[in-house]
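Read the structure below first, then the notes.
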Amino acid sequence: MNFNLTEEHLAVQQAAREFAQTELLPTVIERDTHSTFPHEAIKKMGELGFLGMMVSPEYGGGGMDTVSYVLAMEEISKVDASASVVMSVNNSLVCWGLESFGTEEQKQKYLTPLASGQIIGAFCLSEPEAGSDATSQRTTAEDKGDYYLLNGTKNWITNGGTSSVCLVIAQTHPELKHKGINCLIVEKGWEGFMVGKKEDKMGIRSSDTHTLMFSDVKVPKENKIGEDGFGFKFAMTTLNGGRIGIAAQALGIAAGAYELAVKYSKERKAFGKTISEHQAIQFKLAEMATKIEAARLLVYKAARLKDEHKDFVQAAAMAKLFASEVAMWATTEAVQIHGGYGYVKEYHVERLMRDAKITQIYEGTSEIQKLVIAREILK
Ligand code: CAA
């Protein structure tokens, strides 16, 4: 497999790095402290093309490959994982799902503004009693002839408050179990669509996570994605690609913490020399660098397979599983290297450690990734 990056890839990586350093870094601690959504930065990300990177230019996207997307995700996540989850959900769940399975009318109406960042989207699968067990959907989309009547509650929805368009997974034919589920495109502001409480989270605090409620929301039939009963397959197929984005996010969080740890270790003195001259620290840095590089190769591999239209389900699950575990471990090590300074906000690593945790949970927990990998091995 060719892991060489092209000139275009390097340019995207550089642009994302510069954006993260100039637009996100100066205010990231403040936004984390007050759980403030990065409205301005997200608007600029849209203008720079980071919100619809893989969407065809025909629909206002960047027409880039998945490798470009993971490179940008890594750079933005090194600095601000809250901004990068907004980017990830919009790119790989909402835009990719719509472009791959939407009708021409749906793409014209919804994908074009989503890909250019004029509006942002949300992906609504999880429910109070359907997290990992996603087939147990309680939200219903009753077929009323020319529309669906949507009722139910969705939990932990990224971009829940700020999104204009939501892809909502709901049960239409309970007797058919997961084969009776549909995915509906639902607009914010439709009667009966209520935005519930904003979550007060451990990490990715400036991203916007809400409960969403639907009470007799009328959704036109033309807003269903794919054939009747395609909704669960849609969610699973979309999440396969989404997991590459979250793997890249985890990689960025780990790499960001590692870079800060290297820098700090060369400045901080203890016992008459910089701590980077102590073997205890050198071993930590060496192990961090090795595991982060291994995670990077898994992320690149999954992205390449997707770009080559090959089966990437196992590779994506492996990348997410490994990168998220590395993120949790490497950020903890980075805090340890910083000592007492690592435990305070100013040095960034404590935030990265808090942000890392969610990458082991959303878009399929580590345990679900193991289940996906095992099923792929044994099938
Ligand atoms: N790709 C494509 N199809 C898949 C699939 C995959 N990875 N995994 C399952 N499917 C299909 C199966 O083929 C099956 O369809 P058929 O019957 O037509 O063959 C159907 O889905 C049901 O699969 P199973 O019979 O295997 O169902 P299960 O209940 O045993 O397992 C599961 C399903 C894999 C555990 C699934 O529920 C799952 O992935 N759970 C995790 C859910 C998740 O990732 N949630 C994330 C929420 S979104 C989010 O976090 C976004 C955000 O805001 C950041």
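The values are calculated or read from the model by the stated rules, or taken from the named source; none is laboratory data. For clarity, every value in this text was computed on a predicted model and none was experimentally measured. Counting neighbours? That spans all protein chains shown, and the Cβs are built from the backbone with ideal geometry, glycine included. For the accessible areas, the whole protein counts, side chains as well, though only heavy atoms, and no ligand, DNA or RNA atoms are used. Shrake-Rupley method; radii C 1.70, N 1.55, O 1.52, S 1.80 Å.
Some observations on this one:
- A count restricted to region 358-373 and to residues that are of a type outside the set (D, E, K, R), open to solvent by 40 Å² or more (accessible area, probe 1.4 Å) and over 18 Å from residue 124 (Cα atoms) stands at 1.
- When residue 210 is tested against (1) open to solvent by 10 Å² or more (accessible area, probe 1.4 Å); (2) more than 16 Å from the ligand (Cβ to nearest atom); (3) on the phi < 0 side of the Ramachandran plot, only condition (2) is not met.
- Residue count, region 77-99 (criterion: among the charged types (D, E, K, R) and either open to solvent by 10 Å² or more (accessible area, probe 1.4 Å) or without any contact (Cβ under 8 Å) to a residue 24 or more places away in the chain (or both)): 2
- With respect to the conditions (1) in contact with a strand residue (DSSP E or B) (Cβ under 6 Å, 6 or more places away or on another chain); (2) modelled with pLDDT under 95, residue 146 lacks only one, and its number is (1).
- Pair list, Cβ under 6 Å, 6 or more apart: region 307-334 residue touching a residue at least 60 places away in the same chain (Cβ under 8 Å), other residue among the basic types (Lys, Arg) and open to solvent by 60 Å² or more (accessible area, probe 1.4 Å): 326/291
Condition check ((1) part of a strand (DSSP E or B); (2) open to solvent by 10 Å² or more (accessible area, probe 1.4 Å); (3) within 9 Å of the ligand (Cβ to nearest atom)) across all residues:
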site: 216; (1), (2), (3): yes, yes, no
site: 219; (1), (2), (3): yes, no, no
site: 222; (1), (2), (3): no, yes, no
site: 233; (1), (2), (3): no, yes, yes
site: 240; (1), (2), (3): no, yes, yes
site: 244; (1), (2), (3): no, no, no
site: 247; (1), (2), (3): no, no, no
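- When residue 282 is tested against (1) free of Cβ contacts under 8 Å to residues at least 40 places away in the same chain; (2) assigned to a helix (DSSP H, G or I); (3) closer than 26 Å to residue 65 by Cβ; (4) of a type outside the set (Val, Ile, Thr), exactly one condition is not met: (3).
- The residue that is farthest from residue 297 (Cα to Cα), among those in region 30-76 that are among the β-branched types (Val, Ile, Thr) and open to solvent by less than 20 Å² (accessible area, probe 1.4 Å), is 42.
- Some residue of region 271-294 being within 14 Å of the ligand (Cβ to nearest atom), out of contact with any Phe, Trp or Tyr (no Cβ under 8 Å at 6 or more places or on another chain) and open to solvent by 40 Å² or more (accessible area, probe 1.4 Å): no
- Residue 171 vs. criteria buried (at least 22 other Cβ atoms within 10 Å of the Cβ) and away from the ligand (no atom under 11 Å from the Cβ): yes
- Residue 353 falls short on exactly one of the conditions (1) in contact with a Ser or Thr (Cβ under 8 Å, 6 or more places away or on another chain); (2) open to solvent by 10 Å² or more (accessible area, probe 1.4 Å); (3) within 16 Å of the ligand (Cβ to nearest atom); (4) within 26 Å of residue 260 (Cβ to Cβ), and that condition is (3).
- Residue 176, sole failed condition from (1) open to solvent by 60 Å² or more (accessible area, probe 1.4 Å); (2) closer than 12 Å to residue 213 by Cβ: (2)
- Filter result (closer than 29 Å to residue 202 by Cβ, in contact (Cβ under 8 Å) with a residue 60 or more places away in the chain and not in a helix (DSSP H, G or I)) within region 34-58: 35, 36, 37, 38, 50, 51
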